[in-house]
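These notes concern the structure reproduced below.
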Amino acid sequence: MSEGAAKKEERRKFQAIKGTRDLLPPETALWNRVERIAQEVFTSYGFGEIRLPIFEQTDLFARSIGAETDVVSKEMYTFEEKATELPSPRPFFTPRGYTPALEEAFQANPGFNTPENRRRLALLKDHLSTLEQAEVRRDAKASSAAYDHYVAVLETILQGDRVSLRPEATASVCRAYIEHNMQQLPQPVKLYTIGPMFRRERPQKGRYRQFYQIDAEVLGGSDAPGMDAELIEMVMTFFKRLGLEGVELDINSIGDKQCRPKYVELLRAELRKVKDKLGPDSQRRIETNPLRVLDSKLENEQKLIGGMPHIADHLCEECAENYRGVKKELELRGVKYRENWRLVRGLDYYSRTTFEITAKGLGSQNAVCGGGRYDGLMELLGGPPTRATGFAIGEDRLILSLQEAGKRPAAKGRDVYIAWMGEKAYTKAVQAAKNLRAAGFSVELPPVEQKFGKALGQADKLGARYALILGDNEVASGEWTLKTLATGEQAKFTEPTLLDFLQENNAV
Ligand code: AMP
């Protein structure tokens, strides 16, 4: 590297990684408001907060979201969690010496003492014993084969788990429900969680690689239509409290294990008839997952897809009854909806109600919330059969929509800026700042002395409502000057009357 290039490299500025972004004040005030209102509304519906890890075993997502989906096959941030706590086999290690050391390490690290690892350890012991017998027989070929087998199993142990940053929260919530035996609690268990998700998607407006979701799940209990309707009512109430504009709710029922397969076959047969007129993605999906063809946004496919059979006409009687019930329950709650027969989910564990909510000002990425019933997921993850329904709100998009509609919170300035001059005044100022902050006011106390003129200018720039002026005169007389910056009015107060005045004027 040339000297110039080296210098340049040294001065390289770092930037946030593509698809990630910093959220800065005052915008974060809006994020806080959104999250606070979510907490208030969800709590009023009996939900409790769950906080989850940001990474999990890759397999958890592969199983729940589906290994063939784009999210899992292309978009996950996956890395190996190396088993560093295990003794590392030196070159020329002997299986005979190493195996007991490994067993000891398993005992010392309960995390490794899993059924899978115990099975692998038993396999290692088998290979070791084959190896020893081969050595006794002086059978070089057999002993070399046993050694290779031993090393292959050992590698799988040392490789550790593959883990991924979570692309969504539902799988983790279900994992936690099973892990903590929540089926023993009164059902249903209602949980919400707020946090970042990660998908390696192509970034654009409203689509990021680190984005935030507000997620709510109802686990256990029945599949009564009131359950789905109440969940939808909750998210609509939340959006209303926020003043989100142009909110539209689409609903559908995708049937269940009984009736959906027949519809999928019918759809496949109908799609095959027009296969040649569809694009390559849809052509492939006719065979792999015909429901997903209904998701297509391609202009030239819309007319053909529009002519396909609707699932609503092919639901079994129980599912049709359930769907009628959900619609009736929504009407009972005054929730307006639109039926959208193309709103489907491509995975088998989904059943019956699905819904999506769109909002204004978001362009093509206008879905702010997706949800639905997933009665089959818990079993797929090794848990007891458990009915469940939930939704995920895209918080970034929710906030974008609020901002587009001009719903920015006014940047809140300081309540009081303390302009002080002189050492004695400083002592008073430090105390006053402490007392005012304890009373709930936002206070700025400059750490170095400034002329009053400059201090007042600074107070103005920070958007402070009042300036508290503390100089030698004020300290001597015990009468402090408070200036209202918007009007320029000044008034004198003793310390206790100052606090009364601020509290009465509702500056908190
Ligand atoms: P999903 O988990 O894919 O059903 O998404 C639920 C909601 O999360 C969507 O309706 C979006 O609002 C939001 N969302 C999904 N992917 C992204 C992304 N890459 N960037 C921002 N928001 C997203």
Overall Cα dimensions of the chain - principal axes, largest extent first, Å = 102, 68, 60
note = As straight-line cross-link partners of residue 125, the qualifying lysines (C-alpha separation under 25 Å, not fewer than 8 residues apart within one chain) are 82, 141
note = For residue 13, counting only lysines whose alpha-carbon sits under 27 Å away and dropping same-chain residues fewer than eight positions off, the answer is 205
Pairs beyond 31 Å (Cα-Cα), from 407/492; 18/240; 74/412; 454/492; 18/407; 262/327 = 407/492; 18/240; 74/412
message = Translational diffusion coefficient of the range 431-508 at 25 °C, 0.890 mPa s, Stokes-Einstein with Kirkwood Rh over Cα pairs, in µm²/s as a whole number.
response = 189 µm²/s
remark   = Dimensionless Rg/Rh of the range 47-145, both radii on Cα and Rh by Kirkwood, sits at 1.14
Difference of contour (0.36 nm per residue) and Cα-Cα distance, residue 257 to residue 501 = 81.1 nm
inquiry  = Given a 1.4 angstrom probe, I'd like the percentage of the accessible area of the chain that is carbon and sulfur, rounded to a whole number.
reply    = 51 percent
Debye log10 I(q)/I(0) at q = 0.10, 0.14, 0.17, 0.26 Å⁻¹ for the range 1-92, Cα point scatterers = -0.67, -1.03, -1.09, -1.20
inquiry  = Please report the spacing between the Cα centers of the range 209-240 and the range 464-502 in Å, no decimals.
reply    = 50 Å
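Just check the range 89-179 against the gyration tensor rule for me: Cα atoms, a ≥ b ≥ c as the square roots of the eigenvalues, rounded for a/c under 1.5, and otherwise prolate or oblate depending on whether a/b exceeds b/c.
prolate
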request  = Restricting things to alpha carbons, tell me how big the range 306-419 is in terms of Rg and Dmax, in Å.
outcome  = 20.1, 75
inquiry  = Sort 243-253, 350-360 by packing, meaning the average of other beta carbons within 10 Å per residue, with the highest value first.
reply    = 350-360, 243-253
inquiry  = Rolling a 1.4 angstrom probe over the protein chains, ignoring ligands and nucleic acids, what is the accessible area of residue 55 in square angstrom, nearest 10?
reply    = 100 Å²
key: Accessible surface, 1.4 Å probe, highest first, among residues 408, 207   = 408, 207
task = Pull up the cross-link candidates among the lysines for residue 273, meaning alpha carbon to alpha carbon under 16 Å and not fewer than 8 places away within one chain.
result = 303
remark   = Two pseudo-spin positions, 7 Å from Cα along C-beta at residue 109 and at residue 338, lie apart in nanometres by 5.4 nm
query = Where in the range 122-141 does the label zone of residue 148 land, with the point 7 angstrom along Cα→C-beta and an amide N cut-off under 15 Å?
reply = 131, 140-141
task = Project the alpha carbons of the range 215-359 onto their principal axes and report the range along each, largest first, in whole Å.
result = 48, 34, 23
ask   = What share of all Cα pairs of the range 65-220, in percent, falls into each consecutive 10 Å distance bin?
value = 9, 26, 23, 21, 14, 6, 1
note = Along the range 374-381, Karplus-curve 3J(HN,Hα) (6.51, -1.76, 1.60; θ = phi - 60°) to the nearest Hz, with x for Gly and Pro, reads 9, 4, x, 6, 4, 5, 4, 9
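The values are calculated or read from the model by the stated rules, or taken from the named source; none is laboratory data. Computed from a prediction, not measured in an experiment: that's the story for all the values here. So basically every Cβ, Gly included, is an ideal-geometry build from the backbone, and we count neighbours across all protein chains shown. Keep in mind that these areas ignore ligands, DNA and RNA; they rest on the heavy atoms of the full protein, side chains included. Shrake-Rupley method; radii C 1.70, N 1.55, O 1.52, S 1.80 Å.
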